[in-house]
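This report refers to the structure that appears directly beneath it.
The values are calculated or read from the model by the stated rules, or taken from the named source; none is laboratory data. Predicted, not measured: the structure shown is a model, and the values here were computed from it. FYI the Cβ positions are ideal-geometry reconstructions off the backbone, even for glycines, and counts take in every protein chain you see. In case anyone asks, the SASA skips ligands and DNA or RNA and just uses the protein heavy atoms, side chains included. Shrake-Rupley method; radii C 1.70, N 1.55, O 1.52, S 1.80 Å.
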Amino acid sequence: MLVLFETAAGYAIFKVLDESKLQEVDSLYKEFETTEKANKIVKLKHFEKFQDTTEALAAATALTEGKIGKSLKKALKKVVAKEAHEQLAISDAKLGGIIKEKMDVSCVHSPAVAELMRCIRSQMEGLITGLPPKELSAMSLGLAHSLSRYKLKFSPDKVDTMIVQAISLLDDLDKELNNYIMRCREWYGWHFPELGKIITDNQAYCKSVRFIGDRTNVAGSDLSALLPEEIEAEVKLAAEISMGTEVSEQDIGNIRHLCDQVIEISEYRTQLYDYLKNRMMAIAPNLTVMVGELVGARLISHAGSLLNLAKHPASTVQILGAEKALFRALKTRKDTPKYGLIYHASLVGQTTAKNKGKISRMLAAKAALAIRYDALGEDTNAEMGVENRAKLEARLRQLEEKGIRKISGTGKAMAKADKYQHKSEVRLYDPSGDSTIPSTSKKRKFEEVKDEDDDEEVATPPVKSKKAKKEAVAEEEEPETSAAADETPKKKKKKKKDKKEAEAEAMETKEEEEEVTVTESSEKKKKKKKKKAKEEEEDDE
């Protein structure tokens, strides 16, 4: 039996000397405790060494993809051609199928073979002659770095540095364009100020200024290619009655040159935006679907690279770009920000103010998954991003509709929750039900109280008002009880009538008190007058 053993330095093919030892899988490691023992079990037949790291990487990637590399073909042809009847023990069953199909060699893969491979690896330096340990470790390190780069797809199409540079340049172009356009409007506004109010679009304004030049040329020029008919007529009318100053041809030439710069930069900006959109769809398609090209590019630029962004948790992605506000909130012990750069995503922008925090949190969680899939995944499709965006849109609709879903079950059925209405009424205690004697009618009672009050005012002296009041109340109670014994019991009165009656009684008592005070004050005045009169008489005498 032959054994195919892969190393970082090349392919080694061993010959198994004692196949009976392979049957004892559990005790096989004892036969490989020393190099001398290992040489009695297996013997190196051929070693195909790699020329450089590039060849090693090509061979390793071919093995991972289940293909036969050039160096492996060469090694197999040299050895297997001589011993075609021998079986070939391999560590990968998929690779064995391809070797059998293309090279017509019977391959073996079993737990015993896997244990044998592990034992050979433990004594690799002693079994493979002519390979220094330092060279083997250097080859292993170089191959590991190269293979990891290949695994992470560090190809020219996946370089995210271009995105970082493109989004930074796009922001710079926007700032410069705003400055140039503002300067152009102010400069030409001295000559034709009305044009700035008529044409609001910056591109159309610069093209019109470049085409017109001096405002005296407006009447004879055709602006239909640049402006609609209504605006063109308005511009021609304004040019005839313009309040602007006259400028020289040299000034007009410089203004036209500035307009050319604005138009060129605007065209380059649109071209750069298209380039950025294509790069984002190539490098991070799922992130682009979730948050858009510009927001995705800004997130990558802020983190430094797509791989760095993939290392951030969802909570960090949510507030990425709002670090200043975050640390200020932590320092002052106030509420931390709910969103950073992710605020400019279309899903967050279309929600109401109270739901922005919830949607930004959910969007950040799904975006973090999309970033990791884009950075470390092998597929380049955007199916995951489309699916997650659909889920977020459904959740957004549910929040906007204020839907209440069941906690248990499938969660698809809507819970029937009626609005709570407090229907109980506040009832006052009615003391009339305590007595079995029926009460008199309110009208009669009210009239009796009035008559008795009038009699008391006439009969009793004003000074003794309190006693008179008590006597009147006592006299009222006597006829009430006597009348109540004769009358039949009546129905309970309503709250409103009770309140009115109480108010009427209160008003009567107030009036009585006022009358008492008035009578008391009048008596005091009379006494004072009498005293003064007596004193005057005594003085005269």
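For the reader, a short list of remarks on this structure follows.
- Only one entry of Ala238, Ala166 meets the criterion of being in contact with a Phe, Trp or Tyr (Cβ under 9 Å, 6 or more places away or on another chain) and more than 30 Å from Asp274 (Cα to Cα), and that entry is Ala238.
- Highlighted here would be helices (runs of 4 or more DSSP H) found entirely within the range 283-359 that include at least 3 residues which are under 19 Å from Tyr273 (Cβ atoms) and touching a strand residue (DSSP E or B) at 6+ places or on another chain (Cβ under 9 Å), but there are none.
- Within the range 16-33, tally of residues that are in a helix (DSSP H, G or I) and either touching a residue at least 24 places away in the same chain (Cβ under 8 Å) or within 23 Å of Leu88 (Cβ to Cβ) (or both): 9
- Of all residues in the range 62-91, those being farther than 21 Å from His109 by Cα and either part of a helix (DSSP H, G or I) or open to solvent by less than 70 Å² (accessible area, probe 1.4 Å) (or both) number 4.
- Scan of the range 179-220 for residues that are part of a helix (DSSP H, G or I), of a type in the set (Val, Ile, Thr) and either touching a strand residue (DSSP E or B) at 6+ places or on another chain (Cβ under 8 Å) or open to solvent by less than 70 Å² (accessible area, probe 1.4 Å) (or both), ordered by number: Ile181, Ile198, Val209, Ile212
- Scanning the range 330-361 for residues that are surrounded by 21 or more Cβ atoms within 10 Å (Cβ to Cβ) and free of Cβ contacts under 8 Å to residues at least 40 places away in the same chain gives Tyr339, Gly340, Val348.
- Residue identified as open to solvent by 40 Å² or more (accessible area, probe 1.4 Å) and in contact (Cβ under 8 Å) with a residue 12 or more places away in the chain among Gly304, Gly296, Gly292: Gly304
- Out of Glu36, Glu55, sole residue that is charged (D, E, K, R), open to solvent by 10 Å² or more (accessible area, probe 1.4 Å), assigned to a helix (DSSP H, G or I) and more than 16 Å from Ala12 (Cβ to Cβ): Glu36
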